[in-house]
Amino acid sequence: MATQLSDAVVEVNDDVVGIVPNSLSFTEGKGEQRVLPVSEGGGRVSQLFANDLESNFATVSFSVRVTTVNIAKLLAWKENANRNLVTIAGEDPDGSDVIRTFSQAAFTSDYEVPIQAEGVVDVVFMANAPT
Amino acid sequence: MEHEITYKLETPIRYARGGEPTDAVEVVLREPTQEHMEEIGNVRQWVARAIQDAADAGSDAVREAKEAAEDEAAKDVDSDSEDTESDEEDESVDPKMMIALLATSTVPLGKVYQTTRKLLQAQGIAFIDGDTKITPPLWRKFTGGDMEAMIGAYIAAFLLR
């Protein structure tokens, strides 16, 4: 019986990051594609497949709680520009796993740090398509 | 006395460098600081006991270890001299010999490993490829063989005398 994968280890630059549960998601960096019709006359329409390369970047999103350690990490990721490496590794109880490595990851948003009882910071990395 | 040594990994590990996964080939290990005097003292005492055990048993290993320890204490501090550098190379104890010496003594080898590993993992001691701090996930990637050899090399370089 398959089990929903809801738990994964997130490492940024070989450092495990504690994230808010159920906040992690990623894209494969395959981008968006379009299927365009081409008329060949006589009612014949064939298909033209187009890959929008502008969207061919992967993203990794998660949230972190506001602690002094995490505030320092956020700043370091920001200062690294696009020289971060993000790894996600998740395994289900049957032993099958999902591992993705995102190179040249950049933390691009101008993030806000809420100094609140349940404050979280949403992190989005844009990176090369994972291997 | 050397202030750092370079250990070449037998099994390279992957780590993040400049946003790319890269294979680490060597680890730079620096001499211990005063932050860990208890660990330094314990390891030095265990090494001394191992040397004594081997002397009592008449082992050749102890002669080499004792000579290296005596020469370390007596040699010229001028590290610019080429003769001194070549002397250092000739007189250093082989890390595998150091581990063998400890393993065949009454010293608790597991505790030696644990204590020396704690020293290696202290701030400012071990760096991959000379400049990258080794995080806990990276430490877990080293093989047992490499970890053992690094411990042997560290003891031989900094904790023998």
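Here are some notes:
- Taking A:G42, A:G18, A:G31 in turn, the Gaussian network model of chain A (Cα-Cα springs below 10 Å) assigns the largest fluctuation to A:G42.
- In percent, rounded to a whole number, the relative contact order of chain A is 28, using alpha-carbon pairs under 8 Å and six or more apart.
- Protein accessible area in the protein assembly as shown, 1.4 Å probe - carbon and sulfur %: 49 percent
- Karplus-derived 3J(HN,Hα), 6.51/-1.76/1.60, for each residue of segment A:118-131, Hz, glycine and proline x: 10, x, 10, 10, 8, 10, 10, 9, 9, 8, 5, 4, x, 10
- Placing +1 on each Lys and Arg Cβ and -1 on each Asp and Glu Cβ, with no other charges, gives chain A a dipole about its Cα centre of roughly 340 debye.
- Loop-located GluC sites (Glu not before Pro) in segment A:23-131 (DSSP state not H, G, I, E or B) with no more than 16 neighbouring Cβ atoms inside 10 Å: A:E28, A:E112, A:E118.
- For segment B:112-158, trypsin sites (Lys or Arg not before Pro) are listed when DSSP marks them as loop and at most 13 other Cβ atoms sit within 10 Å of their Cβ; the list is B:R140.
- Largest to smallest principal axis extent of the C-alpha atoms in the protein assembly as shown, angstrom: 99, 51, 48
- The charge dipole of the protein assembly as shown, taken about its Cα centre with unit charges on the Cβ atoms of Lys, Arg (+1), Asp and Glu (-1) only, comes to about 1620 debye.
- In range of the label at A:I115: residues from segment A:71-108 whose backbone nitrogen is under 15 Å from the point 7 Å along Cα→Cβ: A:71-72
- Placing +1 on the Cβ of every Lys and Arg and -1 on the Cβ of every Asp and Glu, with no other charges, gives segment A:80-125 a dipole of roughly 340 debye about its Cα centre.
- Computed log₁₀ I(q)/I(0) - Debye formula, equal Cα scatterers, no solvent, chain A, q 0.12, 0.15, 0.17 Å⁻¹: -0.57, -0.77, -0.91
- Positive-end extreme of charge dipole, chain A - chosen from A:V45, A:V12, A:V86 (charges on Cβ): A:V45
- Helical mean residue ellipticity (222 nm; -39500 (n - 2.57) per DSSP H run of 4+; nearest 500) of chain A: -3000 deg cm²/dmol
- Using θ = phi - 60° in the Karplus curve 6.51 cos²θ - 1.76 cosθ + 1.60, the 3J(HN,Hα) couplings for segment B:38-50 round to 5, 5, 4, x, 4, 5, 4, 5, 5, 5, 4, 5, 5 Hz; x is entered for Gly and Pro.
- The stretch between B:E26 and B:T143 holds 40.8 nm of extra length on full extension. This uses 0.36 nm per residue minus the Cα-Cα distance.
- Neighbour cut-off at most 14 other Cβ (10 Å), DSSP loop, trypsin sites (Lys or Arg not before Pro), segment A:1-55: A:K30
- Cβ-Cβ distance of A:T67 and B:E10, R₀ of 41 Å, FRET efficiency by 1/(1 + (r/R0)^6): the value works out to about 0.60.
- Folded to 0 to 90 degrees: helix A:68-79 orientation relative to chain A principal axis, Cα: 40 degrees
The values are calculated or read from the model by the stated rules, or taken from the named source; none is laboratory data. A quick note: this is a predicted structure, and the numbers were derived from the prediction, not measured. Here the Cβ is made from the backbone with ideal geometry for all residues, glycine too, and neighbour counts use every protein chain on show. Quick note on the areas: whole protein, heavy atoms, side chains included, nothing else; ligands and nucleic acids left out. Shrake-Rupley method; radii C 1.70, N 1.55, O 1.52, S 1.80 Å.
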